[in-house]
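Here is the structure we will look at.
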Amino acid sequence: MALLSVNDLVFETNGKGRGRILDGLSLTMEHAEVHALLGTNGTGKSTLAYLIMGCEGYRPAVGEILLEGASIGHLRIHERARLGITMTWQEPVRFEGISVADYLSLRNPGVDIDALLDLVGLNPAIYRSRMVDRSLSGGERKRIELASILSLHSKLAILDEPDSGIDLLSTKDIVNVIEACRKNGSAVLLITHREEIALIADRASQLCNGRIVCSGNPIRVAEHYKSRHCMTCNGVECHYV
Amino acid sequence: MSELEELTACFENAGGNAGALSDAASAHLAASGHRILSSRTVEGLDVDARETSEGISAVVTVRRGVKLPNPVHLCFGMLHAEGLQRIEMQVALEEGAAAHFIAHCIFPKAEKVRHIMDASVRIADNAEMRYEETHYHGPYGGVEVVPKLAVTVGRNGRYFTDFTLTTGRVGTLAIDYTVEAGEDAVTELTARVFGHGKDDIRIRERVLLAGKNARGLIKTRIAIEDDATAEVTGITEGNAAGARGHVDCMEIVKDRAVARAVPIVEVHDPGAKVTHEAAIGSVDKRQMETLMAHGLSPEEAVDVIVKGALR
Ligand SMILES: Nc1ncnc2c1ncn2[C@@H]1O[C@H](COP(=O)(O)OP(=O)(O)O)[C@@H](O)[C@H]1O
Ligand SMILES: [Mg+2]
């Protein structure tokens, strides 16, 4: 049975923005699969992440989301998290008065904090006692968020553009995190707008005009994405795979 | 149990270091109501403490150039359900002196207690004082605490204060602090309070940046729930060239609680710069969602955020 099935999802904003953001989107992921979701800015990648996670205000107008065959549409974020879904936001939020060590052991007091920090390229001696507040740079904060996701051993980790932002994480950093997820047996939905990042994945899908317009081998999907057909085609030239 | 033993036990419960009270290398003053139960001084520190009809009066001096190696512990409390305690303190740090005071004010059984503090602190040139004050007012909300403090900080002096009341009820709290900072002086005032029930929190902190390049920070962290109310007034005046001040107030509001923040920034010298930020509202949605995506329930998430903000 598939880990995640997103079936014919439609998401609309009521009167705000451009209206229909996702328009019959379908996507399937297997257990432990690393799946890259490619799309240019504003195509609805983060919207899909929020819908899968169950964020406030993100309920599909049509369609359903299944985790291991069971609908999760009625569940709140923490209930989905407890079933094994988690995510990192594109711009992780800051917390006052919470140390990195405390943050990484929120749900799992016995976790090996030093090993997690090593995995994301941060020196444990320096970062354990730092605060997860505004004193961290954007890149440092992102690394800590990735470490916290690794501590959860989730069935599905949604990483929303871990490679974007002012402080770029290198492709190598992302590869390390993905490898750690693989070791944990976690599937990853790797959201990105850079085709070279998609090549790390087992499979890839391209999002355009509210749908998955191309899906399969990452090399092929990256080629398709690079050709930028879908920017103008309104889905006419793109063929569903 | 003697009154001192009882006060010591409460002191320890409130986070105090009870061992320090029996340590010959650490100075302390412990008083319950208007009785001094125990005191010790160390080389370079003069303490003249007296019992008055309503409380305690103390004159404290850290002599010129003396840097006290261990914190000075102050423990003021009232173990009865009702009563008045008036603390009058005059503290002086002479030139180049340095001291760290840790005060605990404990009223574990208070149903109708008033605690009034009137303190003046003079920090001479190049001297440094840290003053941490932790309160525990018990579970009934029957305490009225009115601390008034006036501090002057000399050239290149430093004054840091930290007020914490985050366990148990608050009752009524009316803080009124004023710090005047001289040339190159640095001052930081931090207050953290968690109000419940019908607690009423009023905090007024004023920093006057009087000398050239003086620096000041007022940081307030309040969480209130149930029917509690809070009003925080942070005033900073930049009155000299190079003076830099900042007022940073955050209030997290739950249930029917009502919060107000009044940042007042005033500049009397074009070379001074004072900024402020105030955030009042319920717990940040993105912070909530992030913690919930880690599997915390909404209640657990609020708890982690509020505790962090008050830390
Ligand atoms: N809650 C919302 N209200 C209004 N518009 C929204 C909302 N969420 C997303 N959008 C719009 O949907 C589009 C897709 O956004 P997003 O999912 O953030 O794209 P991406 O992550 O691919 O860059 C954007 O045009 C954005 O402005
Ligand atoms: Mg996005």
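The values are calculated or read from the model by the stated rules, or taken from the named source; none is laboratory data. Only a predicted model underlies this, so the values are computations on that prediction, with no experimental measurement involved. Cβ atoms come from the backbone with ideal geometry, glycine included; neighbour counts cover every protein chain shown. Protein only, heavy atoms only, side chains kept; ligands, DNA and RNA dropped before computing areas. Shrake-Rupley method; radii C 1.70, N 1.55, O 1.52, S 1.80 Å.
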| request: Beyond 15 Å, what share of the Cα-Cα pairs of segment B:7-55 is found? Please give it as a whole percent. | output: 51
| task | Assuming 1.567 mPa s and 4 °C, estimate D for chain B with Stokes-Einstein, Rh taken as the Kirkwood radius over Cα pairs, in µm²/s. | result | 64
| field | Solution diffusion estimate, µm²/s, Stokes-Einstein, segment B:24-79, Kirkwood Rh from C-alpha pairs, 37 °C, viscosity 0.692 mPa s | value | 277
| Gap in Å between the Cα centre of segment B:110-177 and the Cα centre of segment B:192-257? | 13
| query | Out of residues 5 or more away from B:GLY245 or on other chains, whose amide H comes under 5 Å of its own, with H placed 1.01 Å from N in the peptide plane? | reply | B:GLY216, B:LYS273, B:VAL274, B:THR275
| field | Residue-by-residue Karplus 3J(HN,Hα) for segment A:192-198, coefficients 6.51, -1.76, 1.60, Hz, glycine and proline x | value | 7, 10, 10, 5, 5, 6, 4
| task | Would you mind computing Rg(Cα) / (2.2 N^0.38 Å) for chain A, counting N as its residues? | result | 1.00
| remark: Low-density loop trypsin sites (Lys or Arg not before Pro), segment B:237-268, at most 12 other Cβ within 10 Å, DSSP non-H/G/I/E/B, are B:ARG256
| query | Taking +1 at the Cβ of each Lys and Arg and -1 at the Cβ of each Asp and Glu, which of B:ALA98, B:ILE175, B:ASN213 sits farthest along the dipole of segment B:3-283 towards its positive end, judged by Cα position relative to the Cα centre? | reply | B:ASN213
| query | What is the mean number of Cβ atoms from other protein chains located within 10 Å of the Cβ atom of each residue in peptide A:93-104, rounded to a whole number? | reply | 5
| request: Once you have the Cα-Cα distance between B:LYS285 and B:GLN90, take 0.36 nm times their residue separation minus that, and quote the gain in nm to one decimal. | output: 65.6 nm
| query | For segment B:90-213, with equal point scatterers placed on the C-alpha atoms only and solvent neglected, what are the log10 I(q)/I(0) values from the Debye formula at q = 0.14, 0.23 1/Å, to two decimals? | reply | -0.60, -1.22
| said: Using DSSP H assignments, which helices in chain A have an axial alpha-carbon span of 18 Å or above and a mean Kyte-Doolittle hydropathy of -0.5 or higher? | reply: A:138-152, A:171-184
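Please compute how much accessible surface disappears when A pairs with B, both sides summed, using a 1.4 Å probe, and round it to the nearest 100 Å².
2100
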| message | Place a point 7 Å from the Cα of B:ASP176 along the Cα-to-Cβ direction; which residues of segment B:245-273 have their backbone N under 19 Å from it? | response | B:262-264
| Mean projection of the alpha-carbon convex hull of segment A:76-170 over all orientations, in nm²? | 6.0
| request: Would you work out what percent of the accessible area of segment B:3-283, with all protein chains in place, is carbon or sulfur (probe 1.4 Å)? | output: 45
| What are the principal axis extents of the Cα atoms in segment B:3-129, in Å, biggest first? | 43, 28, 19
| Counting only Cα, what are the radius of gyration and maximum Cα-Cα distance Dmax of segment A:77-129, in Å? | 12.4, 34
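Grab the DSSP H runs of chain A that are 4 residues or longer, score each as -39,500 (n - 2.57), total them, divide by all residues and round the 222 nm result to the nearest 500 deg cm²/dmol. Walk me through the numbers before you get to the answer.
Values: 10 runs with 78 residues, N = 241.
About -8500 deg cm²/dmol.
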| said: Below 8 Å, C-alpha to C-alpha, sequence gap of six or more: please give me the relative contact order for segment B:1-84 in percent. | reply: 29
| message | Whole-Hz ³J(HN,Hα) for each residue in segment B:275-284, computed from phi via Karplus 6.51 cos²θ - 1.76 cosθ + 1.60 with θ = phi - 60°, x for glycine and proline: what do you get? | response | 10, 8, 9, 9, 10, 10, x, 6, 4, 4
| query | Rounded to the nearest 0.05, what FRET efficiency is calculated for B:SER297 and B:ARG256 with R0 set to 25 Å and r the Cβ-Cβ distance? | reply | 0.70
| query | Can you list, largest first and rounded to whole Å, the semi-axes you get for the protein assembly as shown by taking the square root of 5 times each eigenvalue of its Cα gyration tensor? | reply | 55, 24, 22
| message | With the crude spin-label approximation of a point 7 Å out along Cα→Cβ, what separation in nm comes out for B:ASN17 versus A:ARG76? | response | 4.2
| When only alpha-carbon atoms count, how far does segment B:198-311 stretch along each of its three principal axes, as whole angstroms with the largest first? | 51, 32, 18
| query | What is the average number of partner chain Cβ atoms found within 10 Å of a Cβ in B:60-72? | reply | 0
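Around B:ALA191, under 10 Å between beta carbons, what's the net of Lys plus Arg minus Asp minus Glu among the other residues?
Taking every Cβ under 10 Å from that of B:ALA191, the sum is 0.
Grab the DSSP H runs of chain B that are 4 residues or longer, score each as -39,500 (n - 2.57), total them, divide by all residues and round the 222 nm result to the nearest 500 deg cm²/dmol.
-3500 deg cm²/dmol
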| request: Identify all lysines with a Cα-Cα distance to A:LYS226 below 21 Å; exclude those on the same chain that are fewer than 8 residues away in sequence. | output: A:LYS45
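Taking the Cα centre of segment B:3-283 as origin, work out the dipole magnitude from +1 charges on Lys and Arg Cβ and -1 charges on Asp and Glu Cβ, in debye rounded to 20.
Its charge dipole is roughly 340 debye.
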| task | Positive end of the charge dipole of chain A (Lys, Arg +1 and Asp, Glu -1 on Cβ, about the Cα centre): tell me which of A:ILE72, A:GLY57, A:ILE85 has its Cα farthest that way. | result | A:GLY57
| Which value, in Å², gives the accessible area per residue of segment B:3-283 when a 1.4 Å probe is used on the protein heavy atoms? | 41
| Counting partner chain Cβ atoms within 10 Å of every residue's Cβ in A:52-58, what's the average? | 2
| What is the calculated FRET efficiency for A:THR40 to A:ASN14, with r their C-beta to C-beta distance and R₀ = 22 Å, to the nearest 0.05? | 0.35
